[in-house]
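> Quick one: the structure is below, and I'll ask about it shortly.
The values are calculated or read from the model by the stated rules, or taken from the named source; none is laboratory data. The structure presented is a predicted model; accordingly, all values stated were derived computationally and were not measured. Cβ coordinates were reconstructed from backbone atoms using ideal geometry, including for glycine residues, and neighbour counts include every protein chain displayed.
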Amino acid sequence: MSTLTEIANTLVSNRRGVLAADESIGTMSSRLEGVGVKATDENRRVYRELIVTTPDLAESISGIILADDTMRQKLSDGRSFPDALADMGILAGIKVDTGAKPLAGAPGEKVTEGLDGLRERVAEYVSLGATFAKWRAVITISKGQPTERAVRANVHALARYAGLCQEGGLVPIVEPEVLMDGDHSLAQCQQVTRAVLRTLFDELDLMQVKLDGIVLKPNMVVAGKDCPEQPGVEEVAQTTVDTLRDTVPSSVPGIAFLSGGQSPETATRHLGAMQNCGELPWELTYSFGRALVGPALETWRGEEGKWKDAQRALSVRAVANAAAR
Ligand code: 13P
């Protein structure tokens, strides 16, 4: 059995990255309906089968994050999803948080839930074939936000989640996402991302989380999507790398970005430009959801005859991201 450090290194090295296919039932249902596909258990299963059976995916994808329902479903050939991934040389991950809920005392802000019973759930996911996990915290930038209480509540939960995963044998992907929603500037995003990451690493230290056995999944430092002044690719890349250098210890093996609502091409360009920002102490890679699978879903639209084209659309993004890094 591989150690946590070996698994973390496998996830981020050899020019590969992680694919996030762990949309909750609610989110996946609205994405399917958005392309005219009925949101049923079976259609969610079929769509996930399309994703994981994409030819040669293992050349650019090291791990796929699954949702609880997919973890328990089977491919049409009868294999479980984790078994099929293992056959392809791809690690199976599991999203273990239960979603972001309104935080008491902080109107408009959320805290991610899912700690109750997590030790037992981790044990079950290990028995089903998972080797890593994911927990996403969301931080909003707005007037007076984020509040310190929202930041601290979220990083506390992330650190307790990470500790429980490591205790049970899963590598935690630690995802504090500063959202792109709003009209904030690049500088504001940098300031908030820096503060969140500093607080996060203090809390991980307090909870005795081993940093060489995690993967950090942050946002890129970008301007809010409604900000009238949008920075160029090089500026986003340099600002993101500067922020991470200021905050992320070198014992973390790798940083795998979320795409957060950037277009697939923009996310790839930013990732590529970051590789030219000088010597880095960690691997910098991708753990995109929408920026990897979005074009495939748009192409497929539930049509049997579009299956192969949709897989090609995913392949194009996966190969482009592997090349970018
Ligand atoms: P996006 O790349 O679509 O932001 O998704 C990544 C993810 O895993 C969100 O939790």
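> Where the second residue is small (Gly, Ala, Ser) and more than 16 Å from the ligand (Cβ to nearest atom) and the first is in contact (Cβ under 8 Å) with a residue 40 or more places away in the chain and over 22 Å from Asp181 (Cβ atoms) and lies in the range 244-260, which pairs have Cβ atoms under 6 Å and are six or more apart or on separate chains?
Listed by first residue and then by second, the contacts come to Pro253/Ala8.
> I would also like to ask the following. Look at the range 7-50 and say how many of its residues are within 16 Å of the ligand (Cβ to nearest atom), closer than 22 Å to Asp77 by Cβ and over 16 Å from the mean Cα position of the chain (by Cα).
Residues flagged as within 16 Å of the ligand (Cβ to nearest atom), closer than 22 Å to Asp77 by Cβ and over 16 Å from the mean Cα position of the chain (by Cα) within the range 7-50 amount to 2.
> Looking only at residues in the range 259-283 that are within 16 Å of the ligand (Cβ to nearest atom) and assigned to a loop (DSSP other than H, G, I, E, B), which one is farthest from the chain's Cα centre (by Cα)?
Per the criteria, the residue is Ser263.
> Right, another one. Just one of (1) in contact with a Pro (Cβ under 8 Å, 6 or more places away or on another chain); (2) farther than 17 Å from Gly254 by Cα trips up Glu283, so point out which.
In the conditions (1) in contact with a Pro (Cβ under 8 Å, 6 or more places away or on another chain); (2) farther than 17 Å from Gly254 by Cα, Glu283 misses (2) alone.
> Okay, moving on. Of all residues being without any contact (Cβ under 8 Å) to a residue 40 or more places away in the chain and either assigned to a helix (DSSP H, G or I) or within 14 Å of the ligand (Cβ to nearest atom) (or both) in the range 86-113, which is nearest to Glu177 (Cα to Cα)? Just the residue, please.
Filtering first and then ranking leaves Ala100.
> Could you please give the count of residues in the range 285-311 that are in contact (Cβ under 8 Å) with a residue 12 or more places away in the chain, more than 11 Å from the ligand (Cβ to nearest atom) and over 22 Å from Glu234 (Cα atoms)? Reasoning before the result, please.
Within the range 285-311, the first condition is being in contact (Cβ under 8 Å) with a residue 12 or more places away in the chain, and the residues that meet it are 285-302, 307, 310-311.
Right, trim to more than 11 Å from the ligand (Cβ to nearest atom) and you get 285, 295-302, 307, 310-311.
After this cut, where a residue has to be over 22 Å from Glu234 (Cα atoms) as well, the list is 295-302, 307, 310-311.
Total satisfying the criteria: 11.
> Of Leu211, Leu271, Leu206, which residue is crowded, with 21+ Cβ neighbours inside 10 Å and over 15 Å from Ile141 (Cα atoms)?
After ruling out the rest, the residue left standing is Leu271.
> Here is a follow-up. Could you give me the residue pairs with C-beta distances under 8 Å whose first residue belongs to the range 153-178 and is closer than 20 Å to Glu120 by Cβ and without any contact (Cβ under 8 Å) to a residue 24 or more places away in the chain, whose second residue is among the basic types (Lys, Arg) and within 13 Å of the ligand (Cβ to nearest atom) wherever it lies, and which are 6+ apart or on separate chains?
Hits for this filter: zero, empty list.
> Moving on. Hey, among Asp116, Asp181, which residue is in a loop (DSSP other than H, G, I, E, B), acidic (Asp, Glu) and over 16 Å from Asn219 (Cβ atoms)?
Going through Asp116, Asp181 in turn, the sole match is Asp116.
> So, of the residues in the range 131-156 that are out of contact with any helix residue (DSSP H, G or I) (no Cβ under 9 Å at 6 or more places or on another chain) and part of a helix (DSSP H, G or I), which turns out to be farthest from the ligand (Cβ to nearest atom)?
Taking the candidates together, the pick is Arg149.
> So, one more: Does Leu200 satisfy the criteria of being more than 16 Å from the ligand (Cβ to nearest atom) and either modelled with pLDDT under 95 or in contact with a helix residue (DSSP H, G or I) (Cβ under 9 Å, 6 or more places away or on another chain) (or both)? Let's see the steps before the verdict.
On the way: more than 16 Å from the ligand (Cβ to nearest atom): no; either modelled with pLDDT under 95 or in contact with a helix residue (DSSP H, G or I) (Cβ under 9 Å, 6 or more places away or on another chain) (or both): yes.
Criteria not met by Leu200.
> Among the charged types (D, E, K, R), away from the ligand (no atom under 16 Å from the Cβ) and either touching a Phe, Trp or Tyr at 6+ places or on another chain (Cβ under 9 Å) or part of a helix (DSSP H, G or I) (or both) - does that describe any residue in the range 244-258?
Yes.
> Considering only the range 245-268, state which residues are of a type outside the set (Ser, Thr, Tyr) and surrounded by fewer than 18 Cβ atoms within 10 Å (Cβ to Cβ).
Result: Arg245, Asp246, Pro249, Gly261, Glu265.
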